[in-house]
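Okay, structure first, notes after.
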Amino acid sequence: MRSFRLALIFLTLFSVVGFSQSTSTAKPAPGFSLDTIDKSVDPCVDFYQYACGNWIKNSEIPPDQAQWVSFVELNERNRNVEKDILEKAAAGGKERNAIDQKIGDFYGSCMDEKTVDSKGIAALKPELDRIDAVKDKQALIDEIAHVHMVGPNPLFNFYSSSDLHNADQVIANIDQGGLTLPDRDYYLKDDEKMKGIRQHFVEYMDGVFVLAAAKPGESGAASGMDAMSSKDAETVLRIETAIAKAQMDRTARRDPKNRDHKMSRADAVALAPNFHLDRYFQDVNAPSFSELNVGNPDYFKQINALLETEFLESLKTYVRWHVLHAAAPWMSQPFVDANFKFQQVLTGQKEIQARWKRCVSLTDRQLGEALGQRYVDVTFGPESKARMLKMVDALEQSLDSDIHDLSWMSADTKKEAKVKLEAIRNKIGYPDVWRDYSSVTIKPGDLVGNLERTTEFESKREIAKIGKPLDRKEWGMTPPTVNAYYNPSYNEIVFPAGILQPPFFDPKLDDAVNFGGIGLVIGHELTHGFDDQGRKFDPHGNLHDWWSEEDGKEFEKRVSCVADEYSSFVAVDDVKLNGRLTLGENTADNGGARIALAALERLIAEDKTGKEGQTIDGYTPEQRFFLGFARVWCEKRRPEVARMRVLTDPHSPGKYRVDGVVQNMPEFQKAWSCKAGQPMVAENACHVW
Ligand SMILES: [Zn+2]
């Protein structure tokens, strides 16, 4: 239930693929270095290649990774810190406090591969028996409600979030969901690649169904289960294809207005009677409510018909599949292998990650604010927070004067924009109030049970918020996370402790490099409040238009320039970027770079010592700013994951996050003495913020 909310609402800096971060423990943290530069390349021809060329030459994607980039490198470093914490906590002893008991025993149960293997499918038997026992379609809804609480989300999503029109209030939401593959296109596109992936998907399901049906000591095939399981796999693919057809696509969903359908509870129930929503809400023990938001009403109408036409047994197979697929990575070896084999098809990753890496990530996912407390104790001091606050101030000032100087916006809309900017809150490092996990029982030797109980804890916590005032202290990322986000409903920018280190932020380096790194990240998040999505929310986080009609049109004209620019970039082979899917992120990258550089220029102008304006190692502060920026995005991707990301990721690949931005900046042209007509000098440069 939890990971999904993040994807839907938050505007992040970077998207992580599955559980895919690593490197050896001995390597130092990735930092800024002139060694990454390829001086044989002209920076005005391809700045990314200039700044990252040697990094690309000298880096290899580790076999247990789908891609390699600073975010992933840093994540790996953080994961090593977490591992030390968890190993100590797992060792037990009298000095363990309540938090160490939870995270230690959880991690321990995950690392206890022997117990996991000896249990095999038995670990999941109670859940599978419940599904088997379902006698009619109403009882199936009861079972889906149970599965939603303790595990995955077949059929649809139920969650709480702030009301789009009254951000201070939390309301219930139902929305489309229930696919296994990363996007609806995987079911609907008919090119050879997608057909191949669907074939692998059926084989994966087939294999897991056989494993699940096998009795101890026999292979599924020997027991004659294979024919039945392949029929089951076809059933799941048929149902999920129908679900995919009914879903709104990712690009349309970026517009919050397309997801804004508040209605009475009675109307929602009547919209799709076969969902038996009243019964469902009771099953999940939702507080009483009279209104809710239905993210995609058409979806519920169409799936209502599907629930009519599909046999109960087929729908049970579909739910059974979701339970098996979600548990597979945490069950015995044959399930883990089958699951990873399919991950490989999607991402190209060569080897599965070491178990400890997977278990650290799982503990972070399930008990993130318990593990996060310990992480912060070890890594994050008050001086980091103070320096970060100063930079946030500088960037806010910079965006303020950028808005003030805009030629295309009227004075009235500027006034409103300023109000919104001043209302943006910031969160740095870790939450003021930690989540209290004391009600969750964690048992040694019970990984699947621990997973269910921690998921149920989170589901209950989410549902209990319905009808309550919004808790603005809450965080949507855990402290060790290497990422950042803007949340339009909260009108806030958030920077977890995990990202406040090199190459984003290095206290030993000059301000120019840091403004290109974390300064640009801050500018990126601030700009999200004013991108094509964020601009639709007012200072309080309500979906409310504060723009004059004329200014709105001017804005749309300017972002269309950005959409067209990025649509021309090739992501992999013959596949081009989707300029509309990536529009918000590209706008944030462009605006972020501009205001971060302006903040640096002000620092230089105000510095009486002349230190800030110094040339270091032959590079001016402006040049070092752009080098610091590019370093963050030096990147390698396997072709499989590159294809996946074109369809699913609102962020552009690293090369275009750099080159797509600098070619729009006269400041870049000046810093590197580029001439008109060179590739890094766009003829029709786009400029929004
Ligand atoms: Zn972003």
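The values are calculated or read from the model by the stated rules, or taken from the named source; none is laboratory data. Everything numeric here is computed off the predicted structure, so don't read it as measured data. Cβ sites come from the backbone with ideal geometry, for glycine too, and all protein chains shown count toward neighbours. Just the protein is used for accessible areas: all its heavy atoms, side chains included, with ligands, DNA and RNA removed. Shrake-Rupley method; radii C 1.70, N 1.55, O 1.52, S 1.80 Å.
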Checklist entry - Quick check: is even one residue across segment 520-539 of a type in the set (A, V, I, L, M, F, W, C), more than 27 Å from the chain's Cα centre (by Cα) and within 30 Å of D617 (Cβ to Cβ)? => result no
Checklist entry - Does E143 fit the bill of being over 21 Å from R259 (Cβ atoms) and open to solvent by less than 20 Å² (accessible area, probe 1.4 Å)? => result yes
Checklist outcome for this item: Considering residues that are over 19 Å from V392 (Cα atoms) and buried (at least 19 other Cβ atoms within 10 Å of the Cβ), the number found within segment 526-546 is 8
Checklist entry - When you go through (1) at pLDDT 60 or above; (2) open to solvent by 20 Å² or more (accessible area, probe 1.4 Å); (3) more than 16 Å from the ligand (Cβ to nearest atom) one by one for S15, which number turns out not to apply? => result (3)
Checklist outcome for this item: If we ask which residues in segment 643-670 are open to solvent by 20 Å² or more (accessible area, probe 1.4 Å), within 16 Å of the ligand (Cβ to nearest atom) and not in a helix (DSSP H, G or I), their number turns out to be 1
Item to check | Single condition G613 does not satisfy, out of (1) small (G, A, S); (2) in a loop (DSSP other than H, G, I, E, B); (3) surrounded by 18 or more Cβ atoms within 10 Å (Cβ to Cβ) | outcome: (3)
Next on the checklist: Quick check on this structure: which one of G104, G151, G93 is free of Cβ contacts under 8 Å to residues at least 40 places away in the same chain, open to solvent by less than 30 Å² (accessible area, probe 1.4 Å) and within 24 Å of K443 (Cα to Cα)?
Outcome noted: G104
Checklist outcome for this item: Within segment 189-203, residues open to solvent by 60 Å² or more (accessible area, probe 1.4 Å) and not polar (S, T, N, Q) come out as K189, D190, D191, E192, K193, K195, H200, E203
Checklist entry - Could you list, in sequence order, the residues of segment 317-333 that are in a helix (DSSP H, G or I), buried (at least 19 other Cβ atoms within 10 Å of the Cβ) and more than 23 Å from the chain's Cα centre (by Cα)? => result T317, Y318, V319, R320, W321, L324
Item to check | Test: D46 is within 27 Å of G628 (Cβ to Cβ) and either in contact with a strand residue (DSSP E or B) (Cβ under 9 Å, 6 or more places away or on another chain) or surrounded by fewer than 23 Cβ atoms within 10 Å (Cβ to Cβ) (or both) | outcome: yes
Checklist entry - Which of (1) under 17 Å from R365 (Cβ atoms); (2) of a type in the set (S, T, N, Q); (3) within 16 Å of the ligand (Cβ to nearest atom) does T454 not meet, given it meets every other one? => result (3)
Checklist entry - Residue check: is N80 closer than 11 Å to P480 by Cβ, within 29 Å of the chain's Cα centre (by Cα) and either open to solvent by 30 Å² or more (accessible area, probe 1.4 Å) or in contact (Cβ under 8 Å) with a residue 60 or more places away in the chain (or both)? => result no
Checklist entry - Picking from L74, L86, L6, which residue would you name as being within 16 Å of the ligand (Cβ to nearest atom), closer than 30 Å to D436 by Cβ and either at pLDDT 95 or above or in a helix (DSSP H, G or I) (or both)? => result L6
Checklist entry - How many residues does segment 334-359 contain that are open to solvent by less than 40 Å² (accessible area, probe 1.4 Å) and in contact with a Phe, Trp or Tyr (Cβ under 7 Å, 6 or more places away or on another chain)? => result 5
Next on the checklist: Please go through segment 243-302 and give me each residue that is of a type in the set (F, W, Y) and either open to solvent by 60 Å² or more (accessible area, probe 1.4 Å) or within 29 Å of Y186 (Cα to Cα) (or both), ordered by number.
Outcome noted: F275, Y299, F300
Next on the checklist: Whether any residue in segment 426-433 is over 21 Å from the mean Cα position of the chain (by Cα) and aromatic (F, W, Y) is what I want to check.
Outcome noted: no
Next on the checklist: Suppose we filter segment 566-616 for residues that are under 30 Å from D185 (Cα atoms), modelled with pLDDT of 95 or more and away from the ligand (no atom under 16 Å from the Cβ); how many remain?
Outcome noted: 5
